[in-house]
Structure formats: structure tokens, C-alpha cells
Amino acid sequence: MVDAIYRFPFDAMASRCEIRLALGSGSTLDGHAAEELAYAAIAEVRRIERTYSRYRADSIVSRINAAAGRYRVECDEETAQLLDYADHLHRASDGLFDITSGVLRRAWDFRQPRVPHARELAPLLALVDWPAVQRDGGAIFLPRAGMEIDFGGFGKEYAADRACALLQERGVRHGYVNLGGDMRFIGPQPDGRLWSIGIQDPRKADGTVASIAVSHGALTTSGDYERFIDVDGKRYCHVLNPRTGMPVSHWRSVSVLAPLAVLGGSVSTIAMLKEDEGLSFLAASGLAYFAIDSMGQAHHHSISGDYAS
């Protein structure tokens, strides 16, 4: 069998996604087997989306939010672990990564070029308060009516890691999972060559600013170009500061190379939230990064790297 690369595009989590599996000449797998493997991984991504989407009334997130100010909700082990991780990110970011900040989207509609007034933001900011959330014995309680949690800050990355783990457990050694630009790599191409991945130009939808060679680990990007509005010549992006309710503006994009997608995505998002302190945060993380500031200046450190699985 000659080397073959199979591509499986799909939509999930409001993103264009793809699983790419490569089978080498010594592989006993064929195209049919690759298809079954990819569909199993896609099913895992969609399971996570169903379980944690704030848009589904039957998701655990929606049930937790509906109970805000009323009663506590029991959580399974997976959800409890994600809540633990959210707590870790809140502490690691000095409170800037707050999964209760999703309520701010009620004031921001990135389909309409309008900046909300401070009086619209004030009552929502009063609901952003992760330290007030009560967790005990596997249950969670949001103490004020109207409070919400939202795993959108690392949900895609978590799904990419889980899909990758499933494929690895089933014997896949070459390929990657790409969920809307958040990528987790299973292994190099069958002949040993690394995958060459372009970093999108945040100001040109069809352009790239760098190309990175990767075989293992994850490559994730946070940026101001995914969802935004322009008002009076100023860009307002969807990454919102939980203290002010206003979009961040120091970085156009931050890409991070990490062992896990969920780690890379968290670090890139926190760097965006830290604004002008983001560069020192990236340096302290010990991870490779490629960041573009608001003036278009690139900042990078050891971005040509690789992580063994």
C-alpha cells in the first residue's frame, strides 16, 4: 500500500473542521477503516458539543445556568474536571479568564456595528463572579439569578484533544484534528515529514503570516478577527475583559504551540486578555508562540518546535 492521506471535513461548534488521517505503506488500515476512525472521532466532538453547548436546553451547561439563584446541579466526573480546570485558569490569569463572563454577550451583538453603553454593561458585570460560584460534593450552584457558565473559552480545544486521544487509542499514528483552526496533531506524515501549517494573517482572510512545521502536540490561535465589528474606524472583537465588559485591543492574534490543545488555547486567550502584559505571560509559560500586536508587529519565541506524544 502506498502512503495515502484521507480528509474528512465537517461542521461542529460553529466552525469548519477537518480530520486528516495518513496511512503509510506498512499500515494494515485502508480507506474504509480510516473513514470509520474519523467518524468515531467526529462523533466524540459532537458529543462534547451536545453536552456543553449553551445553545442546547438539554446540555449540562444550560441546566446549570437555568438553576442560577434557585438550586444546585449535580455534575458528572467529566464536567467536574472541566470546572476544576476553569478554576485553575481563573487563578492563573489573575481573574481574567472567567467562565461566568459569557453573560456579557447579551450586550454585544457582533452582527450589528454598535458599542453598548456602560449602563448596559453594569448589570451584566455584576453577574461575572466565578469566586462566588459554590461547588460542593460534585454539585455546582450559581448564587445569583441570571448568572451563567460557558465553556466556550476552551471547549473546542478540549474536543480536539479528546478526538485525538480516541484516534491514538485505536492505533492511528499519523494525522491531525483541526477544529476551526485549533489543531491537535497525532503524528507526522508517514514518511516522517512534519505537517506545514500556515498562521492566518489577522487582516487578510486568505493570507498567512508564518508557516510552522509540527508533528505532535497542538497549535492554537486566539485573535481579534474571528468575530468583530468596526465602529468609527475602531475594531471591537469578541474577546471581552470580564472586569470592564469591553473587548481587548492590544493583540491581533496569538498562536501557541503546546503539548495539549486545551493548554495552548488557554494560554493564547489569557495572553489576549492580559493586553500589554501578554508578552511577559507568554514568556513565563515556557511555550513557543507567535503573536501579532495591534500595530502589526510580530513577536515570537521558538515557534519552530514539536511535542512528543
Only residues in the stretch 84-97 that are free of Cβ contacts under 8 Å to residues at least 60 places away in the same chain count as the first member; pair them with residues that are part of a loop (DSSP other than H, G, I, E, B) and crowded, with 19+ Cβ neighbours inside 10 Å, Cβ under 8 angstrom, at least 6 apart or cross-chain, and list the lot. HIS90/PHE97; HIS90/ASP98; HIS90/ILE99
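This table checks each residue for (1) surrounded by fewer than 16 Cβ atoms within 10 Å (Cβ to Cβ); (2) in the same structural domain as TRP130 (by TED's automatic domain parsing); (3) without any contact (Cβ under 8 Å) to a residue 24 or more places away in the chain; (4) not in a loop (DSSP other than H, G, I, E, B).
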| residue | (1), (2), (3), (4) |
| --- | --- |
| GLU35 | yes, no, no, yes |
| TYR39 | yes, no, no, yes |
| ILE42 | no, no, no, yes |
| VAL45 | no, no, no, yes |
| ARG50 | yes, no, yes, yes |
| ASN65 | no, yes, no, yes |
| ALA68 | no, yes, no, no |
| TYR71 | yes, yes, no, no |
Working only within the stretch 292-308, note down all residues that are at pLDDT below 95, at negative phi and outside any strand (DSSP E or B). ILE303, SER304, GLY305, ASP306, TYR307, ALA308
Taking GLU77 as meeting all but one of (1) of a type in the set (Asp, Glu); (2) more than 20 Å from GLN134 (Cβ to Cβ); (3) out of contact with any helix residue (DSSP H, G or I) (no Cβ under 6 Å at 6 or more places or on another chain), write down the number of the exception. (2)
Every residue in the stretch 113-157 that is in a helix (DSSP H, G or I) and hydrophobic (A, V, I, L, M, F, W, C), please. ALA118, LEU121, ALA122, LEU124, LEU125, TRP130, ALA132, PHE151
Every residue in the stretch 222-239 that is surrounded by fewer than 23 Cβ atoms within 10 Å (Cβ to Cβ) and in contact with a Ser or Thr (Cβ under 9 Å, 6 or more places away or on another chain), please. TYR225, LYS234, ARG235, TYR236, CYS237, VAL239
Looking at this structure, is ARG16 more than 18 Å from the chain's Cα centre (by Cα), assigned to a strand (DSSP E or B), touching a residue at least 24 places away in the same chain (Cβ under 8 Å) and within 26 Å of ALA165 (Cα to Cα)? no
Condition (residue is of a type outside the set (Ser, Thr, Tyr), within 24 Å of GLN168 (Cα to Cα) and in a helix (DSSP H, G or I)) applied to the stretch 83-104: is it met by at least one residue? no
Select from the stretch 288-301 the residues that are crowded, with 16+ Cβ neighbours inside 10 Å and either farther than 14 Å from ILE212 by Cα or of a type in the set (Val, Ile, Thr) (or both) and list them in ascending order. ILE292, ASP293
Residues of the stretch 202-214 being outside any strand (DSSP E or B) and under 21 Å from LYS156 (Cβ atoms), in sequence order, are PRO202, ALA205
Test: PRO247 is surrounded by 17 or more Cβ atoms within 10 Å (Cβ to Cβ) and not β-branched (Val, Ile, Thr): yes
What number goes with the only condition from (1) outside any loop (DSSP other than H, G, I, E, B); (2) farther than 26 Å from GLY296 by Cβ that GLY198 does not pass? (2)
Which one of the conditions (1) within 20 Å of the chain's Cα centre (by Cα); (2) not in a strand (DSSP E or B) does TYR289 fail to meet, given that it meets all the rest? (2)
Just checking, does the stretch 174-194 include any residue being at pLDDT below 95, loosely packed, with under 14 Cβ neighbours inside 10 Å, of a type outside the set (D, E, K, R) and part of a strand (DSSP E or B)? no
Does ARG56 meet the test of being surrounded by 12 or more Cβ atoms within 10 Å (Cβ to Cβ) and assigned to a loop (DSSP other than H, G, I, E, B)? yes
If a residue counts only when it is under 13 Å from the mean Cα position of the chain (by Cα) and of a type outside the set (Ser, Thr, Tyr), which strands (runs of 3 or more DSSP E) contained entirely in the stretch 220-279 have at least 3 such residues? 251-258
How many residues are charged (D, E, K, R) and over 21 Å from ARG119 (Cα atoms) if we restrict to the stretch 236-252? 1
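The values are calculated or read from the model by the stated rules, or taken from the named source; none is laboratory data. Please read these numbers as outputs of a predicted model, since none were measured by experiment. So basically every Cβ, Gly included, is an ideal-geometry build from the backbone, and we count neighbours across all protein chains shown.
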